[in-house]
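Some notes on the structure that comes next.
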Amino acid sequence: MLQWQQDLLFEIAILSARFQEVNYDDEDYSWVHIPCFELPRGWNQSVTGLLIELPAAYPEVPPDGFYVDKNLRPANGKPMTHYFEDQGHYNPYAQYGWAWYCIHPSRSSWQPSAHVLQGDNLVKYIELIRTVLTQAAS
């Protein structure tokens, strides 16, 4: 097993301690799935599935957006930007009930480290997701 795969499994172990269930691609290590991701206040539902695709160059390259359940809406009725339910270039998983939420951490702001907990990782990426979802619902 390569070092980056061991590091990813360590990140997944940390996530598993925080969430009830965490699934991942144990062959290609190309995605992580949290079936029951608790949403911040202000959404039309309290939980959503969360799917994160990992780029081939992860962790040097950050994930590019994430997927949530379709029909996720801010409770205040505010229009959503960077959210795509329709199938197409941005959302190849629409037919499976996923909507793509587009966030792009810049490569210059994403700083992985040889010591997983000292650099950017999936735990910090999920904190970014929570921040984005909090701001979108306020």
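Among the listed residues Asn76, Asn91, identify the single one that is assigned to a loop (DSSP other than H, G, I, E, B) and surrounded by 16 or more Cβ atoms within 10 Å (Cβ to Cβ). Steps first, please.
On the way: Asn76 fails: surrounded by 16 or more Cβ atoms within 10 Å (Cβ to Cβ).
Asn91 is the lone residue from the list that is assigned to a loop (DSSP other than H, G, I, E, B) and surrounded by 16 or more Cβ atoms within 10 Å (Cβ to Cβ).
The set of residues in region 92-116 being free of Cβ contacts under 8 Å to residues at least 12 places away in the same chain and either of a type outside the set (Gly, Ala, Ser) or at positive phi (or both) consists of Pro92, Gln95, Tyr96, Gln111, His115.
For Glu21, state whether it is at pLDDT 95 or above and part of a loop (DSSP other than H, G, I, E, B).
yes
Of all residues in region 44-53, those satisfying the criterion of being under 19 Å from Phe19 (Cα atoms) and touching a Leu at 6+ places or on another chain (Cβ under 9 Å) are Gln45, Ser46, Val47, Thr48, Ile52. Scanning region 37-60 for residues that are among the polar types (S, T, N, Q) and assigned to a loop (DSSP other than H, G, I, E, B) turns up Asn44, Gln45, Ser46.
The values are calculated or read from the model by the stated rules, or taken from the named source; none is laboratory data. The structure presented is a predicted model; accordingly, all values stated were derived computationally and were not measured. Using ideal geometry, Cβ is built from the backbone for each residue, glycine included, and neighbour counts are taken over all protein chains shown.
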